[in-house]
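Below you'll find the structure, written out as structure tokens, and then a few comments.
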Amino acid sequence: AVPVINDNPDYHFEIGKGVTLKDGSDVTIVATGLEVAASLEAAKSLEQDGISARVINIHTIKPIDEELLVKVAEQAPVPVKRLGIRDEFGESGVAEELLHKHGLDGEGIYKAVKAWLGK
């Protein structure tokens with residue numbers, strides 16, 4: 001079970017096209033799958049700290065929505081911080097627990113963005 005993200009009746013899924021779920025001006029979080037809900041959660045926490053975070057659901061990686069990514073970058077090159085599983089052996093378990101362990105839940109994304117921004 002995953003949180004419902006696209007319950008807007010106007011939503012139209014299109015392969016290769018990302019969706020901006022939340023606008024922001026300080027940082028952009030691009031996520032896919034389970035990470036989308038976690039990124040929205042992190043954006044709420046960041047907002048409480050005065051950091052405006054845009055959240056993009058990039059629901060298809062291949063092809064990726066290059067046009068949207070270039071548009072939100074506004075100027076190139078821009079600094080990029082990638083979050084993901086480190087070079088470790090895979091493991092099984094409860095998805096939420098694994099996301100927390102690897103810092104990929106809302107709290108982990110929030111902390112990573114804060115540290116990256118030096119705030």
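The values are calculated or read from the model by the stated rules, or taken from the named source; none is laboratory data. What you see is a predicted model, and the numbers here were worked out from it, not measured in a lab. For neighbour counting, all protein chains shown are included, and Cβ atoms are generated from backbone atoms with ideal geometry for every residue, glycine included. Side chains included, ligands, DNA and RNA excluded: accessible areas come from the protein's heavy atoms. Shrake-Rupley method; radii C 1.70, N 1.55, O 1.52, S 1.80 Å.
Here are a few things to note about the model shown:
- Odd one out for Val36 among (1) under 20 Å from Val4 (Cβ atoms); (2) at pLDDT 95 or above: (2)
- Of all residues in the stretch 80-97, those being within 17 Å of the chain's Cα centre (by Cα) and open to solvent by less than 100 Å² (accessible area, probe 1.4 Å) number 3.
- Matching residues, the stretch 29-45, being free of Cβ contacts under 8 Å to residues at least 60 places away in the same chain, more than 15 Å from Tyr110 (Cβ to Cβ) and touching a helix residue (DSSP H, G or I) at 6+ places or on another chain (Cβ under 9 Å): Val30
- Evaluated against (1) closer than 27 Å to His12 by Cα; (2) at pLDDT below 90, Lys119 falls short on exactly one condition, (1).
- Summed over the stretch 6-43, residues that are more than 12 Å from the chain's Cα centre (by Cα) and not polar (S, T, N, Q) total 13.
- Qualifying residue in the stretch 10-27 (condition: under 21 Å from Val113 (Cβ atoms) and polar (S, T, N, Q)): yes
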